[in-house]
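Data block below; observations after.
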Amino acid sequence: MANLKEIRNRITSIKSTMQITSAMKMVSAAKLKKAQDAITAMRPYSSKLTELLQNLSATSDSDAGGAYSKEREVSKVLLVVITSNRGLCGGFNSSITKTTVRTIEEKYSNVEVDLFAIGKKGGDVLSKQYSIVATRNDLFDDLTFNNVAAVAEKLMEMYIDGSYDKIELIYNQFKNAATQLPQVEQFLPIKPIEDGDVNTANSDYLFEPSKEEIVEALIPKSLKTQLYKAIRDSFASEHGARMTAMHKATDNATDLRDELLLTYNKARQAAITNEILEIVGGAEALNN
């Protein structure tokens, strides 16, 4: 019977776990819908703004984009690593930390690299091996454009004052609830458009005032939008990954519960059979 009691306790524990994982799945599903709508609506605007800025920078006769677009020798790099503040989301955070380590080892093994951590999980893991110059774990508490714009302005200042020669974003791009794609995206300097696409992309535009003035006004807005899109992508990916992970956890807990129930019923049936045999054996002994 001690064995039966142990199995009952395990079944009760698994049922409690199922309730938790099922609730977390439903919460993430609700948050995912809102986050998915936000990033889906934002992507066309962000892509068009970036494309316009690249075209203007590439076709301008003067130094359009100023210090933001100048290529210089890379001796110090800043990687902005975007993860989540909470776990229980499958491989969401580990894929970003692995991508960060691989990027440093393959691309920047001969230069100095610092990290800017947005999200507690990535910062906690990477701080054991690399230098974390700043963290902004609070962004996900109130994810608005204005809050992200302040971070983008800080990154732009770091680039302009020469603290870093290159800044890249590392984040999960949202594809669907089950798929998140790790991305390494150049933030500064502004990446120019391919030469072959310049004339075609730019042929239908009339500029007032000059291209240079438009570029100067668009650059800060474009960079802020780029960072905001990356964080929004990561935010939607987090909830998609957590919903998928909790769905799988619930399914696994259900299978384990059913397995234990079968084991419990078999053990209980065997115990009852033994008791019946003992009673019958005792009755026969009395008759004899």
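All of the numbers you see were taken from the coordinates with simple rules; none came from a lab. All values reported here derive from a predicted model rather than from experimental measurement. Backbone-built Cβ (ideal geometry, glycine too); neighbour counts: all protein chains shown.
Annotations
- Within-14-Å neighbourhood charge of A249 [Cβ basis; K, R +1; D, E -1]: +3
- Net charge dipole size for the range 35-245 [Lys, Arg +1 and Asp, Glu -1 on Cβ; Debye, nearest 20]: 1080
- At R0 = 45 Å, FRET efficiency that the Cβ-Cβ distance of K76 and E259 yields, to 0.05: 0.20
- Local net charge near N9, Cβ-Cβ under 13 Å (Lys/Arg +1, Asp/Glu -1): +4
- Taking the longest Cα principal axis of the chain as reference, the axis of helix 145-160 is set at about 60 degrees.
- Cα long-axis angle, helix 92-107 against the chain (0 to 90 degrees, to the nearest 10): 50
- Net charge of the neighbourhood of A150, taken over other residues with C-beta under 13 Å away and scored Lys/Arg +1, Asp/Glu -1, is -1.
- The orientation-averaged shadow of the Cα convex hull for the range 85-237, equal to a quarter of the hull surface, comes to 11.3 nm².
- Residue order, fewest to most surrounding Cβ atoms within 10 angstrom, among I96, I11, I276, I167: I276, I11, I167, I96
- Selected from T244, V125, Y171, residue furthest toward positive end of dipole (the range 35-245; charges at beta carbon): T244
- Evaluated at q = 0.10, 0.16, 0.18 Å⁻¹: base-10 log I(q)/I(0), Debye formula over Cα of the range 14-127: -0.53, -1.05, -1.14
- Contact order normalised by residue count of the range 33-137, Cα under 8 Å, 6+ apart, percent: 25
- Estimated purely from DSSP H runs of n ≥ 4, each contributing -39500 (n - 2.57), the mean residue ellipticity at 222 nm for the chain is -22500 deg cm²/dmol once divided by its residues.
- Selected from S222, M156, F116, residue furthest toward positive end of dipole (the range 35-245; charges at beta carbon): F116
- To the nearest ten degrees, helix 211-287 and the longest principal axis of the Cα atoms of the chain are 10 degrees apart.
- Using a cut-off of 22 Å between Cα atoms, the listed pairs K34/K229; K25/K121; K76/K191; K70/K121; K33/K248 include K70/K121 as exceeding that distance.
- In order along the range 13-26, the Karplus-derived 3J(HN,Hα) couplings, from 6.51 cos²θ - 1.76 cosθ + 1.60 at θ = phi - 60°, round to 5, 5, 5, 5, 4, 4, 4, 5, 5, 5, 5, 5, 4, 5 Hz, and Gly and Pro are given as x.
- Computed over the chain, Cα set: Rg, Dmax in Å: 28.6, 116
- Computed about its Cα centre, the charge dipole of the range 7-127 is approximately 1260 debye, with only Lys, Arg, Asp and Glu carrying charge at their Cβ.
- Taking every alpha-carbon pair under 8 Å whose residues sit at least 6 apart, the chain reaches a relative contact order of 32 percent.
- Between the range 64-131 and the range 1-36, the alpha-carbon center distance in angstrom: 34
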